[in-house]
């Protein structure tokens, strides 16, 4: 009997550990050459101590992916209430609506990549920072289904902005196509709490979500689109006085609402004074 | 019609019910079950920061229901469990989760010496260090293994077990495949009181292709000196364990080793350089490729009126998860036993340390002495540090119990804690939290059916013993009165109040508020049915179940629960 037990242990250990596997080789950082662009919606707040590390990761990804990556930093009420020394309150009703639409993070830093649930499961769109690069790359490798082009006219004197978004379907698409146009502002110096450096009075906030020119959840373009079919929408607004228009960016994207899915098909961005 | 997964499960269910009906007509078999249901009404209270979740904003109500049904006949055990989550905050305390379906099913049959279980399996190897599939409903952890388990009795004292499958992830399964085996024995030395219960287990995991793809992309951004060249799909964990019993002494020892695998170290600091500006940022968190080990031992003596136990554990890099992206309480294949006392009084349990899987050195000593039936003493000491000997947690807990006939009983003592809030709660810029908490519980039998229980605790923060200045929310007082009207009713009322409020990291110009957190509740029990309604104001804090903890936000509202077994 002892021999049997001894044999079992030996066989078990050998069976489990003797099979050699081919290791997965880590490739070099990817170089992408595609017309497709990916949208990352980062959820943050001035009182979120872990968030600056997420923003730094995103900056590194922007360096890597360049124009193929578009980033917006959405400040919500979870951590967004300003400090007594803050000059700005980055929270907006539109941001809250977007957070509710996409689902709020379980832990920070957190972001939504192209509004896609990469687990394919219970439609949690939020993901932790170590997943962002993989998800971005995965999306960049997808075929371009629809184009998004922005033409804009901005008058720095009257601060009137007109944005025209147009595009064409590269293949047959089913589901509701929605257009969202966001305005963000870069380089706003204001307080931020930080895990590493503690409270920072003059933190440089980037890609701060300001408003949407469409409904926060997007405006319906149409249901379904045939290959070769095009769309063309025009919106206008006045840029409020407090915003530095040279640092303001217009982001336009089309997403596909199909059941629980909210995936972004393509995104484009441009600075107001570019 | 396509036989989808859900339809397939329903088919099994109908078969089960059909079998049930058939067999009941023959008066065979047993049918049993249980119901557990919770309902929470959310009442926004911005003062205690119970707000900004979908439940407080608009949903107002959330519920969870588990209905377990079990049927045994013809030597088979069948089980099925229905789970319902409706706007529930149990999965993620600040989010809403809605889904329903079959949360568990299994079929179990013993064919001579061979035991067969298929379906959702709860089991463990040794103390769980390399494998534990379990459920903790208060934290919505359900790590059942969806697959097959075979056991075989080589002799009455020696059993082997093999299992394979994938871990349950809510109503889905994780993609990574796990497999394992163990052998457990029992050897008694003839004509002595000495016996051994040795065992050996092995567990392995194969990361799925999709998660590996994501990992490789993430790793491709690591520049020197952080670069990792290649990663293995498979990792293995081995464990030897033994319980030695000699009269009143017991000694358990377990040693586990895990081969090289990739895991996430949230405390590692990595420098990222912004190419455009040249600015360097230190970012916490990095994937690490290393092997790991755990040594755990526990030695105990239980004699007349005297008991002592001493435990020790050293953990290094023992994060064993389905893939390296899984965090906190999700996707864990194993369970590392906690090394501190499980406190039950509200303030004594307020700061509980979660097991640190990447590095921990822990000891715990527990001594109990009862010189008579009336009197009992308990002293418990635990000390946890990281591998660099930085203090994570230290607790000294004393308790005296005095019983006066059957009329009244007094339990009283004092607790001293050092708690590394930065590590356990991720709160930054805070020192170690030191507390001293005296407590007392007085139970008085008013009559044969009526009893009153009064509980009192006072938590003093930063008492100055060790020079730590962190006070977290400041000093607390807690009092509770519970009236028992046997056999049906229990009525409770309590209040938790920060007598000397404080808040760390408060910006200038803001002051901490003193706030009452009252709770009033009624429990009604009739045979195997239990009904409970509570009005609750609960402060943000650590909630633990079975040695696993998470930080939960404040709660304000009404909690109801119905439990039943049949």
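Give me log10 I(q)/I(0) at q = 0.16, 0.17, 0.21 Å⁻¹ for region A:99-174, Debye formula, one equal scatterer per alpha-carbon, no solvent.
Reported log10 I(q)/I(0), two decimals: -0.83, -0.88, -0.97.
Would you list the P(r) distribution for region B:415-566, with all Cα-Cα distances sorted into 5 Å bins from 0 and each bin expressed as a whole %?
2, 8, 13, 17, 19, 15, 10, 8, 5, 3, 1, 0
Out of all DSSP beta bridges with both ends in region A:34-271, state the antiparallel percent to the nearest 5. Present the calculation step by step, with values, prior to reporting the outcome.
Numbers: 57 of 65 bridges.
Bridges in region A:34-271 that DSSP calls antiparallel: roughly 90 percent.
Find how much the distance from residue B:43 to residue B:291 grows on full extension, using 0.36 nm per residue of separation minus their present alpha carbon separation; answer in nm with one decimal.
Fully extending the segment from residue B:43 to residue B:291 adds 84.5 nm.
Considering Cα pairs under 8 angstrom that are at least six residues apart, work out the relative contact order of chain B and quote it in whole percent. Walk me through the numbers on the way to the answer.
Values: 1424 pairs, mean separation 53.2, N = 566.
Relative contact order for chain B comes out at 9 percent.
List B:131, B:377 from most exposed to least, where exposure is judged by having the fewest other Cβ atoms within 10 Å.
B:377, B:131
So for B:497, A:108, B:252, fewest C-beta neighbours within 10 Å to most, what's the order?
Working: B:497 15, A:108 23, B:252 18.
Lowest to highest Cβ neighbour count: B:497, B:252, A:108.
Nearest 5 percent is fine: what portion of the DSSP beta bridges confined to the protein assembly as shown is antiparallel?
Looking only at bridges with both residues in the protein assembly as shown, the antiparallel portion is about 95 percent.
With a 10 Å cut-off between alpha carbons and a GNM built on chain A, which of A:262, A:244, A:152 moves the most?
A:244
Would you kindly compute the Cα radius of gyration of chain B and its largest Cα-Cα separation (Dmax), both in Å?
Rg, Dmax (Cα atoms, Å): 25.9, 81.
What percentages, rounded to whole numbers, describe P(r) for region A:34-271 computed over all alpha carbon pairs with 5 Å bin width beginning at zero?
1, 6, 14, 19, 20, 18, 12, 6, 3, 1, 0
Take chain A, connect every pair of alpha-carbon atoms lying under 10 Å apart with a spring to form a Gaussian network, then pick out the residue of A:180, A:76, A:158 with the largest mean-square fluctuation.
A:158
Going by how many other Cβ atoms sit within 10 Å of their own, how do A:140, B:336 line up, fewest first?
Listed from fewest to most nearby Cβ atoms, that is A:140, B:336.
Just the C-alpha atoms of the protein assembly as shown: what Rg/Rh do they give, with Rh taken as the Kirkwood radius?
Using Cα coordinates only, the ratio equals 0.98.
Two decimals, Cα atoms only, Kirkwood Rh: what is Rg/Rh over region B:199-324?
Ratio of gyration radius to Kirkwood radius for region B:199-324: 1.18.
Among B:315-321, B:524-530, B:327-333, what's the highest-first ranking by average C-beta atoms within 10 angstrom per residue?
Listed from highest to lowest mean packing, they are B:315-321, B:327-333, B:524-530.
FYI, it's all coordinate maths here, none of it is from the lab. Just so it is clear, the structure is predicted and the values come from calculations on it, not from any experiment. So basically every Cβ, Gly included, is an ideal-geometry build from the backbone, and we count neighbours across all protein chains shown.
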